[in-house]
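S.K.: Before we start, here is the structure in question, set down as C-alpha cells.
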Amino acid sequence: MYFDKPPSEADMKDLKAEEKYKVWLREQYASTIFHLVDLLHHSNPSIQDLSLTTMMKFVEAEGQTPIRKITEHQTFPSRLFQKVFNKLLDDNTDMSRLWTKFQEYTEFDDVRFYVLTFLHSDLKHKKNQEVSDTYVKNVFSLLENLTFNSKPRKMLPGGEPRWLAKLPENEDVLKSRSVDEQKKLFSTVWLKFLRFKLNTSMYKRVLMMMHDKVIPNITSPLFLCDFLTDSYNIGGAISLLALNSIFILINNYNLDYPDFYKKLYALFDPIIFHAKYRARFFHLADLFLSSTHLPAYLVAAFAKKLARLCLTGPASGIRIAITFILNLLKRHPNCQVLLGRLDGPSEIPNDPYIFEETDPAKCKAMESYLWEIKTLQTHYCPEVVLAANKINHQLGQQEELLGDVLDLTTDELIEKECKRRKKETAINFIPPTGLFQSQNDKFSSCWTHIES
Amino acid sequence: MAKKKKNLSDKIRGKNKSGSFKKFNPFEVKINKQKHHVLGKKRTKSEHGAPGISKSKAMKKRAGTLLKEYQGRHKVNKLIDKRIGEKDQNLTLEEKMMQRYALERKNEEKKGSIYSLNEDEDLTHYGQSLSNIEKFDNPVVSDEDEDDDDIKRLKAKIVAEEHFGGFLTKKSDEETQKSFKEKMEEVIALSKKYKSERQSEKNERLEMTEQADKEYKEVMHLLCGLSRSSKSSDNKVEKEAAVTTKADDYDIAVRTLQFEAKGKASDRLKTDEEIAKEEKERLEKLEADRLMRMKGITEEENTSEPRHISADDLFDGFNLNIDKRDKQRAKQSVHFKDGKLAGGDDVLIPKTKKGMKNIEMNDDESDDNEEEGLEEDEESDESDEDDENDENEEDEVDDEENEDNDNKDDNKRDDDDDDDDDGDSDDSYADLESEEEEEKVDDSMLEKKALIKSILKKSENKPLKSRNPKETKEIIEKAKKELPYTFPAPTSYDDWLNLIQGLNATDQVTVVERIQKLYHPSLGEGNKQKLQTFHGFLVQYFGDLALQEPPELELMNKLVLPIYNLTKMSPDNAAEIFQNEIMSRQEEFRQITERKHGRGLYLGLDTLLMLKLVSIIFPTSDFQHKVTTPSLLFMAQMLGQTPLNSERDVIYGLYICNLCLEFIGMSKRFIPEAISFLHGLLFLASKKNPKQLEKVFPPFKPVGDNINLLNMKPPNISKLKAGKLNGCVLLASSATRDSLNNNQIRLNAVSTTVELLLEYTNLYTDLPAFKDIFSPVVNMCSKLPIDMYPADLQEKIAKLQSVLEEGFSKPQKALQVQKNKPIALKMFEPQVEEKWTGKRKKCGGTKEFQQTQKLVHKHKREMKGAVRDIRRDSQFLARHQLKETLERDSDRKRKVKALYSSLANQEGEVRALTKMKKKKY
C-alpha cells in the first residue's frame, strides 16, 4: 500500500485499524526524517556523522523497499535524498568534513548520479547570484570527494553497476545513469564551478587536484585550458601549480601552448627556493626539460638562470639546483660549453648573460660561463661544495637522480651534518680569553658594550 | 741402512699412490685440449674428465632418488627403514648386528622386569651378598672388624634366644613377659651403645696419634736447623714475623740512608728563546693542520690523542705526565697541599677510591713544608683546610706513621720530582687568590639562588661531616667565611645550581676550576665521566645565564676558559654536548617555523651567545666539523627564514651576520643568506618608489607593513651621529619594541650593515661571481637616502660603492674543465704487468656495481646448472618410460604369440581329429 499524500481526515475514517497504524507509522517516519535532517547541522561532529549515516540508511532502505509507488524510471528515493543534499550544500555552514564522510556513498552509481544532477541544477540556479565562500567551499569539498572508480567497469564491459537502491528494470534508465553520462554532468558541473570566484587557498587546492582527479574524468579536458592559462598567467605559486595540468594537456591532449618555455623561464625566480611546492616545481621543471630535442640555447638559459638564483638561495635549495643544472648539462652535452670551451678567450670583461631578459632566446646564456657554480665551490655547506666540485672534471653520462635530493630541507641538512661520524673533534688551539676578546673577533668594529 | 730407508720411503709412496690413484681406463678419459699453455697456471679440474664414469654415477644417483620417486608417485604410504645402521655405510655387518642385539636385550630387560620372579635373587653368606664379596669392593678393615663382631654377637644372641621360640636357652619368667617390641628395642639400644663406645675409643686413639706427631715434629725441629723448621710449621712463621717487625730505629735509619738519592737530577731551565721557539713551532704545526681541515683534505689523522695542556702550563716544555720516571708516579703525585701540588708527599694513594678522599686542597700558607716531611702524608687524610690543626694532629699521626716505614723509600724519591710541580701550582693559585681578593662580591644573584640559600649552606658543610667532632666546630666557623675546597661532582643540573647558589661570579669560576682539578681524569677512574657530565651542566648553565635579566655577561665571559679547558680534555664528548645544545635550539626554531608556515623567529640571546661560544671553542674554518657546520647552517637558516617585523629582528639578524662573518673569516666561504639579508636591510632603509616594486630576496617582501623599518623618521635627524650598536642593551630580552624604535638605532643599524658589507666585500673579492653577488647591493646603495645620514656614514657608503665598482671592473676568467685522459686504442700487444701480485686486477666500477655483477654472474651460473639438471632428469625419466613401454610391449607380444601358438596347436589337433573322422567314414 502506497501513499503519495497523507490521507485526508475523511479518508481516515474508512480505513481499517491496520491501515491506520500504517498511516501513523508514516507520520512518525516523516517527523523523524525532519528532525534527523536538522541534526546534520549539529555542533557535535559525531552526531552529524550519525545522522548522516542514518539518513543514508533510510535512503538505502527506501531504495530497496519503496514506500511510494515507483515508476519504471524511478527506484531511487530522490526526494528524501534531496533533503540530505540540500543540507549538505548549505550556504552558511561548512560541511566539508561531512563530505569526506559522504565519500563512501559516492561509489554507488545512483548516488553519484543524483549528487551530480542536484548539484547541476543548484549551480544553474545560482548562476547569476552572488554566492558565499562557504557555499563554494562546500561545493569544492563535494567535487573533491567525488570518485569515479570506473576501472573495474572498463575491464568488464557491461558489468553490474553498483546501485544503492534497487536496479531499475528499464535498460534506458540504466543507460541514462551510466558513468559516461555522469562524466558529462561532471564536466559541466566543474566548468560551472570554475566560474565562481575562488579564494587563494581554494584556488591552489583546485589546481593541485586538477591533474589527477579532474582531467582524467572530464569529457573534453581542453575546456579547462582557459582556466589553466589564466591561472598560469597569475604568477607565483599558482602558476607553479597550474604547470602540471597544463603539461598534461600539452602532452596528452595536444594542446598547442605558445611560449610554454618562455613562461616557464619566467617562473624561475628567487622565490622558488622558498616556495612550499619547491620539490614539485623542480620535479616538473625536470620533466619539462627532459626532452633531448630542446634547443641548446634554451637549456643553457635555464641552467644559467637557475645558477644565478643559487647566489641568493638557501643551502638545501642550492643542493637541488646544482643537481638539476648538472643533469641538464649531461643531457645536453652541447651546453657543456658553459663549463669551459676550447676556443674562447681566457678572460671576459663582463658576463654576457642578461639576467633581466625574459626571453630565453635573447639572454645570451650560451656565451656565458657558469661562474656561479664555481663560486658555490666555496659555499659554507659541505654538501653543496661537494656537489659543485663535480664541474671540475668532465661530466659523465650518468645522470644523478633528482629524486634523491628533491625533498631535502635545511633541517635535514643540519641533521645530516650532526650525524656525520668523524674520528676526532678538532678544537681551537688558542685558548680563549673571553667571549668577545679573541684575536680575530669581528664584533668590536660594529658593537659596543658587548663585553662587560 | 740406506737401502732400508729407500725401501721404506718407497713403500710409503707406493702405498699413498695406490691409495689415492685410481686406475682409469685410458679410453674413458677425455682430455680437453688447451689452446694456450700458460706457465704457472694451476691445472683446473675441467682439463680432463671421465664422462662415462660421471654419467654412470649420475645415472646411479638418479636411479636411487628420482626413479624411486617416480615409481612411488601413485603411492600414499611410505616404507621407512628404521633398522639400525642400515643407512650407515661405515658399519660392518657384525657391528650392525651387535647394536641391534644390544637394543633388543635392552628392550627385553625393560619388558621382562614386570614378570620376572627371580629378579632380586641374591645369594648370601653370613647376611652378605655373595656377589659383593666376590667383587672385593669393600675390603674389611681392622676397625670395622669389631663392628662386624658386635653385630655377629648380637645376631647370635638373637638367633639363640628368639629363633625357634628360643627353646635352645632357658629364660626367666620376666623375660618371657617382655613383648617382641620391647625386646627389639633392647637390641637396638644395645647396638647403639656398642657403637658409641667404639666411636669414643677411636677418637681417643686419633688424638693420641696427633699428639705423638706433634711431639715428634718438635723433636725434629730441635734436631734440624731453624730454616727448615720455619717451613714446616705455621707457628714458626708467626714467630718469625714478630721478630722481624721489631726493627729498631737504627735499622730504619740505615735503610733510609741506603735508599737516599745521591744527586738531584733536574731539568735544565729553558731559555726564553727556546720556549718561544717551541711555542712558535707548535702553533705553526697546528695552523698547518687547520688549513688542511679547511680545505677538507682528510689526510691520515694523527692517531695520538691531542696533548693535554694543563691549565697551569707555562708552556716551558715541562710536562707533568711525561715525567722522568714513569706515568704511574705522575698519577700519584697530583695532590694538593697548602695550595701547592704536593704529590711527592703522598704515596698513600694506592687505589682510586682512597685517592679521591686524599685529594684535598689546603689554602693557608705553610712554609715548613719540607720540615714536616713524612708526617704530612697521613695528615692530609685528616686535616683539611687549616694548618692550625696540623700541630694537634701530628701527635696522633705519629703512631700510624710506623706502618709506612716500608713505603718511605718511595717517598724520598718522589720528593725530588715534585719540586717543579710545586712551583707551577703555586703560581696559579696565587693568581686565583688575588682574583678573589680583588673582585668584590657581586650581589646580583638569581632569584632561584636566593630561595635555596639555606640548602647552599648545608652543601658547603657536607664534605666536613666525616671529621672529628672536635675539629668540626672550628672548621665550620672558618668554612663559613670561605669556599669549600672539595665538592661532590654534580650529578644533575639542579645539583650544580645548588652548589653555586649564593656565590658571586668569581667564586663560581673558582668552584668550576676546583671541580675541574678535583676530578682530574688522572686522579681516578670515572673522573673523566664526571667531568664530562659536569661539562654538560656548565654549557647549559652558560646558556641559562644569557637568559637572566640582565644577562650575566661578566660571568659568562669568565666561564669561557673553563669550558674551553674541559673541551680540551674530552673533545668528542664536548662536541656532543654543544651539538645537543645547538640542535635543541634548532628544533625549537623548526617548530616555530612549522607553526608559522615557514616563517621563523630569531631565538633569544642564549642562542646567539651559544653560537658565539661555539665559534670560540671550535675551529670555524674546517670544511666539515661536527659542531661548527651545523651551527653555521642553523644561523644561515635563521637569516633566510625569518621575516623582519621589528627593530629587534634587525639587530638580531645583524648580530648573526656578524657571527657568520667571524665563522668564515678565515676560510672565506660564501654565505648567500647573509648577503641577501644585508641587501634586504639596505632595502628597508632605502627610499621606495611606490610605483615600482623592488627586487628583494626572501624572507624580505617588496610590499608590506615593515618595508620602511629602517627609514629615518623626520624629527632631529641632522644631530645624530652614526655609531656602533650597543650589544649589551640591544640584545637583551628586556629591550622592548619602543625602546628600540628610534632614529639613533636605525642609523646605527644602517651603519653596521654597511660596515659588514664592506667586510664581506673584502672577503669575497676573489669569487668568480663577485659581480653577480654584489650587484643588487650596489643597486640598493644608490637608493639610500644619503642626504639624511651624517657625513661619516655617507663616506662609508661611498667607500663601499667604490670598492664594489672596482671589483666589478675586473674581467672574469673563463672556466676550464680538466680534460680526462684520452682513452687509448686497444693494442694487440700483450699487456705486461711489471708488478704482478698474483691476483687478478680489479675491474672498474663502484663496489656496488661489482657486487651486483658478481651476483648476476652467480645467478646465471646457477640457473644454467639448474636447467641442465632438470633436462637430464627429464631425459632420464623419458628413457626409463621408454624402457618400461618396450618391456610391456615385448611382454604382450610374447603372450600373444603364446596364445596364437596354443590356438594353432588346438586348431591343428581339431583338424587332425576331423581328418581322422573323415578317413574313418
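The values are calculated or read from the model by the stated rules, or taken from the named source; none is laboratory data. Since the model is a prediction, treat every value here as computed from it, not as a measurement. FYI the Cβ positions are ideal-geometry reconstructions off the backbone, even for glycines, and counts take in every protein chain you see.
S.K.: Could you go through region B:707-723 and let me know if any residue there is within 8 Å of chain A (Cβ to nearest Cβ) and within 24 Å of residue B:593 (Cα to Cα).
M.R.: no
S.K.: Does region B:592-599 include one or more residues that are facing another protein chain (nearest Cβ under 9 Å) and among the hydrophobic types (A, V, I, L, M, F, W, C)? Can you show your working first?
M.R.: The initial filter retains those residues of region B:592-599 that are facing another protein chain (nearest Cβ under 9 Å), namely B:593, B:597-598.
Add one more test, that the residue is among the hydrophobic types (A, V, I, L, M, F, W, C), and what stays is none.
Within region B:592-599, not a single residue is facing another protein chain (nearest Cβ under 9 Å) and among the hydrophobic types (A, V, I, L, M, F, W, C).
S.K.: In this structure, does residue A:413 turn out to be at the interface with another protein chain (Cβ under 8 Å from one of its Cβ atoms) and surrounded by 14 or more Cβ atoms within 10 Å (Cβ to Cβ)?
M.R.: yes
S.K.: Hey, any hits in region A:384-395 for a residue that's more than 29 Å from residue B:812 (Cβ to Cβ), at pLDDT below 90 and within 10 Å of chain B (Cβ to nearest Cβ)? Steps first, answer last, please.
M.R.: Our first condition is that a residue be more than 29 Å from residue B:812 (Cβ to Cβ); within region A:384-395, this holds for none.
For region A:384-395, residues more than 29 Å from residue B:812 (Cβ to Cβ), at pLDDT below 90 and within 10 Å of chain B (Cβ to nearest Cβ): absent.
S.K.: What single numbered condition from (1) among the acidic types (Asp, Glu); (2) within 26 Å of residue A:383 (Cβ to Cβ); (3) more than 8 Å from every other protein chain (Cβ to nearest Cβ); (4) out of contact with any Leu (no Cβ under 8 Å at 6 or more places or on another chain) fails to hold for residue B:572?
M.R.: Unmet condition: (3).
S.K.: Of all residues in region A:280-319, count the ones that are touching an Asp or Glu at 6+ places or on another chain (Cβ under 9 Å) and more than 14 Å from chain B (Cβ to nearest Cβ).
M.R.: Going through region A:280-319 one residue at a time, the tally reaches 1.
S.K.: Now a separate question. More than 14 Å from residue B:763 (Cα to Cα), of a type outside the set (Asp, Glu), within 54 Å of the chain's Cα centre (by Cα) and within 8 Å of chain A (Cβ to nearest Cβ): does that describe residue B:697?
M.R.: Answer is yes for this residue.
S.K.: Report yes if residue A:249 is at pLDDT below 85 and either of a type in the set (D, E, K, R) or under 21 Å from residue A:298 (Cβ atoms) (or both), otherwise no.
M.R.: Values: at pLDDT below 85: no; either of a type in the set (D, E, K, R) or under 21 Å from residue A:298 (Cβ atoms) (or both): yes.
No: the conditions fail for residue A:249.
S.K.: Quick one: would you say residue A:338 is over 29 Å from residue B:700 (Cβ atoms), in a helix (DSSP H, G or I) and within 9 Å of chain B (Cβ to nearest Cβ)?
M.R.: Judged against the criteria, residue A:338 is a match.
S.K.: Also, I was wondering about something else. Go through region B:783-822 and report how many residues are surrounded by 13 or more Cβ atoms within 10 Å (Cβ to Cβ), of a type in the set (S, T, N, Q) and more than 11 Å from chain A (Cβ to nearest Cβ).
M.R.: 2
S.K.: Select, from B:619, B:521, B:562, B:551, the only residue that is farther than 19 Å from residue B:497 by Cα and within 11 Å of chain A (Cβ to nearest Cβ).
M.R.: B:619
S.K.: Please go through region B:724-754 and give me each residue that is in a loop (DSSP other than H, G, I, E, B), away from chain A (no Cβ under 11 Å) and at pLDDT below 70, ordered by number.
M.R.: B:733, B:734, B:735, B:736
S.K.: Given B:529, B:540, which one is more than 10 Å from chain A (Cβ to nearest Cβ) and without any contact (Cβ under 8 Å) to a residue 24 or more places away in the chain?
M.R.: Values: B:540 fails: without any contact (Cβ under 8 Å) to a residue 24 or more places away in the chain.
Going through B:529, B:540 in turn, just one is more than 10 Å from chain A (Cβ to nearest Cβ) and without any contact (Cβ under 8 Å) to a residue 24 or more places away in the chain: B:529.
S.K.: For region B:695-710, enumerate the residues that are buried (at least 18 other Cβ atoms within 10 Å of the Cβ) and either within 23 Å of residue B:797 (Cα to Cα) or touching a Ser or Thr at 6+ places or on another chain (Cβ under 7 Å) (or both).
M.R.: Correct list: B:696, B:697, B:699, B:700, B:707, B:709, B:710.
S.K.: Can you find, within region A:287-300, the residue that is surrounded by the most Cβ atoms within 10 Å (Cβ to Cβ) among those that are outside any loop (DSSP other than H, G, I, E, B) and at pLDDT 90 or above?
M.R.: A:300
S.K.: Tell me, yes or no, whether region B:622-644 has at least one residue that is over 27 Å from residue B:579 (Cβ atoms), in contact with a Pro (Cβ under 8 Å, 6 or more places away or on another chain), crowded, with 18+ Cβ neighbours inside 10 Å and at the interface with another protein chain (Cβ under 7 Å from one of its Cβ atoms).
M.R.: Restricting attention to region B:622-644, the residues satisfying the condition of being over 27 Å from residue B:579 (Cβ atoms) are B:643-644.
Okay, now just the ones that are also in contact with a Pro (Cβ under 8 Å, 6 or more places away or on another chain), so B:643-644.
Within this subset, residues satisfying the condition of being crowded, with 18+ Cβ neighbours inside 10 Å are B:644.
Then drop every residue that is not at the interface with another protein chain (Cβ under 7 Å from one of its Cβ atoms), which leaves none.
Among the residues of region B:622-644, not one is over 27 Å from residue B:579 (Cβ atoms), in contact with a Pro (Cβ under 8 Å, 6 or more places away or on another chain), crowded, with 18+ Cβ neighbours inside 10 Å and at the interface with another protein chain (Cβ under 7 Å from one of its Cβ atoms), which makes the answer no.
S.K.: Right, another one. Against the definition (buried (at least 24 other Cβ atoms within 10 Å of the Cβ) and either over 19 Å from residue A:385 (Cα atoms) or more than 9 Å from chain A (Cβ to nearest Cβ) (or both)), how does residue B:677 come out, yes or no? I'd like the intermediate steps shown before the answer.
M.R.: On the way: buried (at least 24 other Cβ atoms within 10 Å of the Cβ): yes; either over 19 Å from residue A:385 (Cα atoms) or more than 9 Å from chain A (Cβ to nearest Cβ) (or both): yes.
Yes; evaluated as a whole, the condition is true for this residue.
S.K.: Restricting attention to region A:108-136, which residues are part of a helix (DSSP H, G or I), farther than 21 Å from residue A:40 by Cα and out of contact with any helix residue (DSSP H, G or I) (no Cβ under 8 Å at 6 or more places or on another chain)?
M.R.: Correct list: A:121, A:125.
S.K.: Out of the residues in region B:744-753 that are buried (at least 24 other Cβ atoms within 10 Å of the Cβ) and in contact with a helix residue (DSSP H, G or I) (Cβ under 7 Å, 6 or more places away or on another chain), which is farthest from residue B:810 (Cα to Cα)? Full working, then the answer.
M.R.: As a first pass, look at region B:744-753 and keep what is buried (at least 24 other Cβ atoms within 10 Å of the Cβ): B:748-750, B:752-753.
Checking the rest, the ones that are also in contact with a helix residue (DSSP H, G or I) (Cβ under 7 Å, 6 or more places away or on another chain) come to B:749-750, B:752-753.
Values: B:749: 30, B:750: 28, B:752: 27, B:753: 25 Å.
Among those that are buried (at least 24 other Cβ atoms within 10 Å of the Cβ) and in contact with a helix residue (DSSP H, G or I) (Cβ under 7 Å, 6 or more places away or on another chain), it is B:749.
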